[in-house]
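K.L.:
Here it is: the structure, laid out below.
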Amino acid sequence: MPDLAIHGGVPVRDRMLPYGRQWVDEDDIRAVVEVLRSDWLTTGPAVATFEEAFAAQVGAKYAVAVSSGTAALHAAAFAAGIGPDDEVIVPAMTFAASANCVRYQGGTVVFVDVRPDTLNLDVAHAESAVTPRTRAIVTVDYTGQPSDLDELRALADRHHLILIEDGCHALGATYRGRPVGSLADLTAFSLHPVKHITTGEGGLITTNDRGMATRLRQFRNHGITTAPAQREAAGSWFYEMTELGYNYRLTDFQCALGHAQLQKLPAWVARRREIAARYSAAFAGMRELETPPVLPGRESSWHLYVIRLNLECLRVGRTEVFRALRAENIGVNVHYIPVPWHPYYQRLTYKRGQWPVSEGAYERLISLPVFPAMGEQDIDDVISACTKVIRAYRK
Ligand SMILES: *Cc1c(COP(=O)(O)O)cnc(C)c1O
């Protein structure tokens, strides 16, 4: 058996393979440079062009571009009317920003556990967490697999709640044949470099509701009303700030990059699916780990490929497996530490132990590299390194 790199053996590869990484080509660079030479660096025509193309891509009526996925969630929480008297249901297994958007608006986060198979929000647990103060649900499409959106829609309708989808993992995913971005009242996307397409930093919110779209546009621009007819009538200098908004605008050169990247989305998502299928086939017979299940009627867009270790079959814990894979130069990661475990939420007195599925899964999770620019050798390296490490540590 080859020696593990962590014990001084030869690593599977010479250079670290990151878990995610952008793909920027000459065509993207040209699109950005063109805007840099134009009259508009921000609030110009590239913004609407990108928004319209994005809305069309995900089958939504409106898309509003903002400066990050976090800003997109904040804008969604604002448009949903979340305030200090409101409770919002959020899964415990997600990135902190899914919950933080509720706190920005002064609302109370009610963390709910996830289903054991997909690690998406458990609808039955969500329903039992509803109180007269509940205003909205933030559901997260963990790793790119859509949540139980029909059931969540029905739950939201029964209790008059707004359904916000944190789709930051799920650009390009479909649920019962319909694209993520067209399904919830508001869907937030991120354009961070590890996500499906990138603008450096950036985000979007999609909605089919015109009133929501207007509120989102106002929110990203200081809360200033953007009805041009109104401005025209009162003289061109006149504007009114009617809500407390922010400067969450995305620049024109970023939107040009986003638009150029969007053309490649279908091919990139297809490539992510191929990589995921290669991993799942390679690990199918290994009892020391579980591969991620995909439910019928869902096509994941595979932002992440997360394995779960069967710790009872191993002589070591997740930390040792993680370190051993890193030593082999496989840039594994962990998504996520349960959000209520973070010191900020601990200070708000959430007690550990209330989300056994999320908390139990956390101890076993490892994210393997998946991004469209990975080559065949990279995929083989990940599979060899996992096989090597698991064999060395199996009971
Ligand atoms: C990436 C991500 C965000 C935040 O997006 P940024 O663009 O980094 O602000 C929010 N929620 C989830 C689930 C994410 O993965």
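K.L.:
All but one of (1) of a type outside the set (Val, Ile, Thr); (2) part of a strand (DSSP E or B); (3) in contact with a Phe, Trp or Tyr (Cβ under 8 Å, 6 or more places away or on another chain) hold for residue 136; state the number of the condition that does not hold.
P.N.:
(3)
K.L.:
From the list 139, 94, 131, 118, pick out the single residue that is surrounded by fewer than 24 Cβ atoms within 10 Å (Cβ to Cβ), within 18 Å of the chain's Cα centre (by Cα) and hydroxyl-bearing (Ser, Thr, Tyr). Talk me through it step by step, then tell me what you get.
P.N.:
Details: 139 fails: surrounded by fewer than 24 Cβ atoms within 10 Å (Cβ to Cβ); 94 fails: surrounded by fewer than 24 Cβ atoms within 10 Å (Cβ to Cβ); 131 fails: within 18 Å of the chain's Cα centre (by Cα).
Of the residues listed, the single one that is surrounded by fewer than 24 Cβ atoms within 10 Å (Cβ to Cβ), within 18 Å of the chain's Cα centre (by Cα) and hydroxyl-bearing (Ser, Thr, Tyr) is 118.
K.L.:
To continue, here is another question. Taking helices (runs of 4 or more DSSP H) that fall entirely within segment 293-395, which contain at least 1 residues that are closer than 30 Å to residue 9 by Cα and within 19 Å of the chain's Cα centre (by Cα)? Spell out how you get there, then give the answer.
P.N.:
Numbers: elements: 318-327, 343-347, 356-362, 376-393.
Because the criterion is at least 1 residues that are closer than 30 Å to residue 9 by Cα and within 19 Å of the chain's Cα centre (by Cα), the helices (runs of 4 or more DSSP H) in segment 293-395 that meet it are 356-362.
K.L.:
Could we say that residue 84 is exposed (fewer than 15 other Cβ atoms within 10 Å of the Cβ), away from the ligand (no atom under 14 Å from the Cβ), within 22 Å of residue 246 (Cα to Cα) and not polar (S, T, N, Q) here? Lay out the reasoning, then the answer.
P.N.:
Numbers: exposed (fewer than 15 other Cβ atoms within 10 Å of the Cβ): yes; away from the ligand (no atom under 14 Å from the Cβ): yes; within 22 Å of residue 246 (Cα to Cα): yes; not polar (S, T, N, Q): yes.
It is true that residue 84 is exposed (fewer than 15 other Cβ atoms within 10 Å of the Cβ), away from the ligand (no atom under 14 Å from the Cβ), within 22 Å of residue 246 (Cα to Cα) and not polar (S, T, N, Q).
K.L.:
Those residues that are free of Cβ contacts under 8 Å to residues at least 60 places away in the same chain, surrounded by fewer than 24 Cβ atoms within 10 Å (Cβ to Cβ) and under 18 Å from residue 94 (Cβ atoms), I need them from segment 162-201; list them, please.
P.N.:
Hit for segment 162-201 is 163, nothing else.
K.L.:
Let me ask something else. Quick check on my filter: what residues within segment 84-114 are charged (D, E, K, R), part of a helix (DSSP H, G or I) and touching a Phe, Trp or Tyr at 6+ places or on another chain (Cβ under 8 Å)?
P.N.:
Quick first cut of segment 84-114, residues charged (D, E, K, R) only: 85-87, 103, 113.
After this cut, where a residue has to be part of a helix (DSSP H, G or I) as well, the list is 103.
None; the set is empty.
K.L.:
Show the residue pairs meeting these rules: Cβ distance below 6 Å; 6+ apart or different chains; first residue within segment 57-72 and at negative phi; second residue surrounded by fewer than 24 Cβ atoms within 10 Å (Cβ to Cβ) and of a type in the set (Val, Ile, Thr).
P.N.:
Taking only residues 6 or more apart or on different chains, the pairs are 65/47.
K.L.:
Collect the residues in segment 1-18 that are in contact with a Gly (Cβ under 7 Å, 6 or more places away or on another chain), touching a residue at least 12 places away in the same chain (Cβ under 8 Å) and not hydrophobic (A, V, I, L, M, F, W, C), keeping them in residue-number order. Don't jump to the end; show me each part of the working.
P.N.:
Taking segment 1-18 first, the residues in contact with a Gly (Cβ under 7 Å, 6 or more places away or on another chain) are 2-3, 16-18.
Now drop any that are not touching a residue at least 12 places away in the same chain (Cβ under 8 Å), which leaves 2, 16-18.
Within segment 1-18, 2, 18 qualify.
K.L.:
Of 245, 285, which residue is in the same structural domain as residue 143 (by TED's automatic domain parsing), of a type in the set (Gly, Ala, Ser) and either out of contact with any Cys (no Cβ under 6 Å at 6 or more places or on another chain) or in a loop (DSSP other than H, G, I, E, B) (or both)? So that I can check it myself, show each step before the final result.
P.N.:
Numbers: 285 fails: in the same structural domain as residue 143 (by TED's automatic domain parsing).
Every option except 245 fails the conditions.
Per-residue answers, yes or no, for (1) acidic (Asp, Glu); (2) closer than 16 Å to residue 294 by Cα; (3) outside the structural domain of residue 76 (by TED's automatic domain parsing); (4) within 16 Å of the ligand (Cβ to nearest atom):
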{"residue": "108", "(1), (2), (3), (4)": "no, no, no, no"}
{"residue": "111", "(1), (2), (3), (4)": "no, no, no, yes"}
{"residue": "120", "(1), (2), (3), (4)": "no, yes, no, yes"}
{"residue": "130", "(1), (2), (3), (4)": "no, no, no, no"}
{"residue": "140", "(1), (2), (3), (4)": "no, yes, no, yes"}
{"residue": "145", "(1), (2), (3), (4)": "no, yes, no, yes"}
{"residue": "150", "(1), (2), (3), (4)": "yes, no, no, no"}
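K.L.:
Okay, next question. Would you confirm whether or not segment 143-151 contains a residue that is in contact with a helix residue (DSSP H, G or I) (Cβ under 8 Å, 6 or more places away or on another chain) and surrounded by fewer than 24 Cβ atoms within 10 Å (Cβ to Cβ)?
P.N.:
yes
The values are calculated or read from the model by the stated rules, or taken from the named source; none is laboratory data. All of these numbers come straight from a predicted model, not from anything done at the bench. In this analysis, Cβ positions are derived from the backbone assuming ideal geometry, glycine residues included, and neighbour counts consider all displayed protein chains.
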